[in-house]
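Some notes on the structure that comes next.
The values are calculated or read from the model by the stated rules, or taken from the named source; none is laboratory data. Treat the numbers as computed from the prediction; the structure is a model and nothing was measured. Quick reminder, even Gly has a Cβ in these numbers, built from the backbone with ideal geometry, and neighbours come from all protein chains shown. Heads up: the accessible areas ignore ligands, DNA and RNA and are worked out on the full protein's heavy atoms, side chains in. Shrake-Rupley method; radii C 1.70, N 1.55, O 1.52, S 1.80 Å.
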Amino acid sequence: MTSPAQSVSPDELAEAIARRRTFAIISHPDAGKTTLTEKLLLYGGAIHMAGAVKARRATRHATSDWMALEQERGISVTSSVMQFEYSGFDINLLDTPGHQDFSEDTYRTLVAADSAVMLLDNRRGVEERTRQLFEVCRLRRTPIFTFVNKCDRVGAPPLQLISDVEADLGIRCYPVTWPIFDGHTFLGVFERATGLVRLFEKGEDHGSGRAAEAAGSLDDEAVIKRLGEGVVTALRDELELLDAAGEEFDADAVSDGTLTPVFFGSALTNFGVEPFLKAFLPLAPAPLPRESSAGIITPEHAELTGFVFKIQANMDPKHRDRIAFVRLVSGRFLAGMAALHVRSGRPIRLAAPQQFMARERKLVEEAWPGDVIGLHDRGTLRVGDTIVTGPPLEFGNIPRFSPEHFARVRLADPMRRKQLDTGLRQLSEEGAAQVFYEDTNIGPSPIVGAVGALQFDVLLHRLENEYGVPAKLDRLPFALARWVVGDADEIRRVGDGYGKKLVFDSREAPLILFENEYTLRGTVDRETKIAFHAVAP
Ligand code: G4P
C-alpha cells in the first residue's frame, strides 16, 4: 500500500506535533465545567459570545431530557471534541458527559487525552466524582492541571484548599497563580513565574466577553495604589510562605502526574482564565508516545496510526449513521487515504473525515498526531480498534471497567431474539452497555451490565427505536463484577455459589458477578488459584 503519510517531512511533522495539545476537563457536577469550556472557546475565538454551550447543562439532570437531547444529536456530538487555536497552539478539548451514569464514556475519553484539567469548586475542593476521575488519570499517569474555580465568591482559604487536595489525592501542588482578595472581593491573580499581578475589571456583560485586565509588578506604584497596602502586605506574606514551605516546580513530576500546577480564577467572570491558558498550554504535554503491540509508537513515527475511543450513533436519525472518533497517535492524516483496519485485517478508506469546532463540523483535509477526527462508519469500527498505514499493530489501551448494575433482557416478542442479539452486539461495540451470556449465546436471554443505571434507559430506548426490539429489563441483584483468569474448571466451581454468578462477555472471557462487597472479598481472599480483575484483562 503506498502511503501518503510516508511522504511527510520530519520537520513538518515535528512542528505540527509541537503545536498540539489534547486534554479533557475532569470535575464534579456543578464545579463549572460547562462554563470554563465555554470561556476557553471564547478566548480561543471559536465562539464570540459565551452562552452557546450552556443549553447542554440542563440535560444532565433527567433521563427524559437526555433522550430529547440525543434526538437532537448535533449538540452532543459536536461537544464530544472541540477544536480551536490559541496563541500558536492547536487544541483538542475532549468533552466528557456531565452525568456520572455515563462515566464509562468519560473513562474512555480520558485515554485519548494527553493531560487533564481538574476543575474544583473553591468551597467544595475535591468531591467524590473528582476523586473517581482523578484515579482513572492516576492509573495512566496522566499529567493533571488544577483550576480552582468560583474565586469570585467566598471559598475556603487557598492554602487550606491546596493542603486538602494534597492530603485527599496524594498529589503535590504547585500554585502557578495565586488569588488576590480584598476582604471577600476577588481582584485578580499573582503570576509566580513572571512576578506580575494581573488585575481584572468586572464587565457589565456578566462574563460573556473577555475580562479587561491590567498588569504590573508588586513594586509598581499603580498596583500598590489599586490593591492598597494591606492587601499587598498580606499577599507578600502568603507568597513568601509558598516560596519557603511550598513545593518546588518540577516539570518531570508534572509529566508523571505526581505534581499538579494549580491556578485560581473564576470561569463565570473570566478572571484568571487567560493567565491559566497562557501558562497551561506551554506546560501541558504535546502528543505523547503510546504503547502498542509493536512497542512504543512516538508521534514522530511517519506512518499514520490511531485508535477509536468513542462511537457516536444516530448522528442523523434518518440513517443508521455512526461516527467513530479516532485519536491520531502518529503520522500525517490526509482525507481519503487508505489504511488498514487491524482487527479485521481489511483495508479501510478514510473518507469524509470531520473535525469539530464548537457547534460546527467541517470536513478535514489534513490532521496530525493529537488530533481527533470523526469517521463515518457503517458498523465496521469498534471502540478500541486501531487503524494504521504501515505494518499492523494494535494499541488496545481502552479499558473496560466492571459494571455495577446488571439486568436480564426480557423481549416483548420472543420471535425477535435475532434482532435483539444484533442490536446488543452493535450497542456493546459502541460501548453503550456491556453484554454477558451464560455459557453460550443461544442460552437464556442475555444479561446487560452498565457502570451507571441511566445507561439502561438509553439502551432500551435505542433497542426499540433503532432495532425495532421492544424489551424490558429485569434487574438482577448483583452489584460487582470481576473478570477471572485461571483454570476453567476452577472458575466454574468458584462462580457457582450463593450470591454469585458466572457469565461470559462478548469476547467469551469469564466474569463472576457478586451481590455485594462481602461475597466478593470472601471469594477473592479464599480463591487464590484464580486472578480477579476489575478492569478487563
Ligand atoms: P458543570 O458543567 O460543571 O456542571 O457546571 P456549570 O458550568 O454548569 O456551572 C454550575 C453552576 O456554577 C452554574 O450556576 C454556573 O453559573 C456556576 N459557576 C460556574 N463558574 C462559576 C464561577 O466562576 N463563579 C461563580 N460564582 N459561579 C460559577 P447555576 O446557578 O447552576 O446556573 P446559572 O443560573 O448560572 O446558569
Leading residue by the ranking (nearest to LEU41 (Cα to Cα)) among those in segment 283-303 that are surrounded by fewer than 17 Cβ atoms within 10 Å (Cβ to Cβ) and out of contact with any Pro (no Cβ under 9 Å at 6 or more places or on another chain): GLU291
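Applying the selection to segment 7-37, what residues are free of Cβ contacts under 8 Å to residues at least 24 places away in the same chain and within 16 Å of the ligand (Cβ to nearest atom)?
Scanning segment 7-37 gives no hits.
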Tabulated pairs, segment 232-245, first in contact (Cβ under 8 Å) with a residue 40 or more places away in the chain, second open to solvent by 90 Å² or more (accessible area, probe 1.4 Å) and of a type in the set (A, V, I, L, M), C-beta under 6 angstrom, 6+ apart or interchain: none
Subset of segment 359-402 (residues that are among the basic types (Lys, Arg) and within 21 Å of the chain's Cα centre (by Cα)): ARG359, ARG361, ARG382, ARG400
THR63 vs. criteria among the β-branched types (Val, Ile, Thr) and at pLDDT below 55: yes
Residue within segment 425-434 that is part of a strand (DSSP E or B), crowded, with 21+ Cβ neighbours inside 10 Å and in contact (Cβ under 8 Å) with a residue 12 or more places away in the chain present: yes
Only listed residue being in contact with a Pro (Cβ under 6 Å, 6 or more places away or on another chain) and among the hydroxyl-bearing types (Ser, Thr, Tyr), chosen from TYR467, TYR498, TYR437: TYR437
Options GLU135, GLU166; residue that is modelled with pLDDT of 95 or more and more than 16 Å from the ligand (Cβ to nearest atom): GLU166
Pairs, first over 15 Å from PRO399 (Cβ atoms) and charged (D, E, K, R) in segment 110-137, second assigned to a strand (DSSP E or B) and more than 14 Å from the ligand (Cβ to nearest atom), C-beta under 7 Å, six or more apart: ASP114/THR22; ASP114/PHE23
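Which residues, taken from segment 255-268, are open to solvent by less than 10 Å² (accessible area, probe 1.4 Å) and more than 16 Å from the ligand (Cβ to nearest atom)?
Listed by number, the residues that qualify are LEU259, THR260, PRO261.
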Residue within segment 437-447 that is among the hydroxyl-bearing types (Ser, Thr, Tyr) and part of a strand (DSSP E or B) present: yes
Residue match in segment 168-178 (condition: open to solvent by less than 10 Å² (accessible area, probe 1.4 Å) and β-branched (Val, Ile, Thr)): yes
Among the residues listed as PHE276, PHE307, the single one being in contact with a strand residue (DSSP E or B) (Cβ under 6 Å, 6 or more places away or on another chain) and within 16 Å of the ligand (Cβ to nearest atom): PHE276
Residue count, segment 483-515 (criterion: touching a residue at least 24 places away in the same chain (Cβ under 8 Å), farther than 17 Å from ASP421 by Cβ, open to solvent by less than 40 Å² (accessible area, probe 1.4 Å) and in a strand (DSSP E or B)): 8
Matching residues in segment 378-419 - criterion: being buried (at least 21 other Cβ atoms within 10 Å of the Cβ), outside any loop (DSSP other than H, G, I, E, B) and touching a Pro at 6+ places or on another chain (Cβ under 9 Å): THR386, PHE406, VAL409
Options PHE280, PHE307, PHE271: the member that is modelled with pLDDT under 95 and either touching a helix residue (DSSP H, G or I) at 6+ places or on another chain (Cβ under 6 Å) or buried (at least 20 other Cβ atoms within 10 Å of the Cβ) (or both): PHE271
Positions within segment 317-355 being assigned to a loop (DSSP other than H, G, I, E, B) and modelled with pLDDT of 85 or more, in sequence order: GLY331, ARG332, ALA335, GLY336, MET337, VAL342, ARG343, SER344, GLY345, LEU350
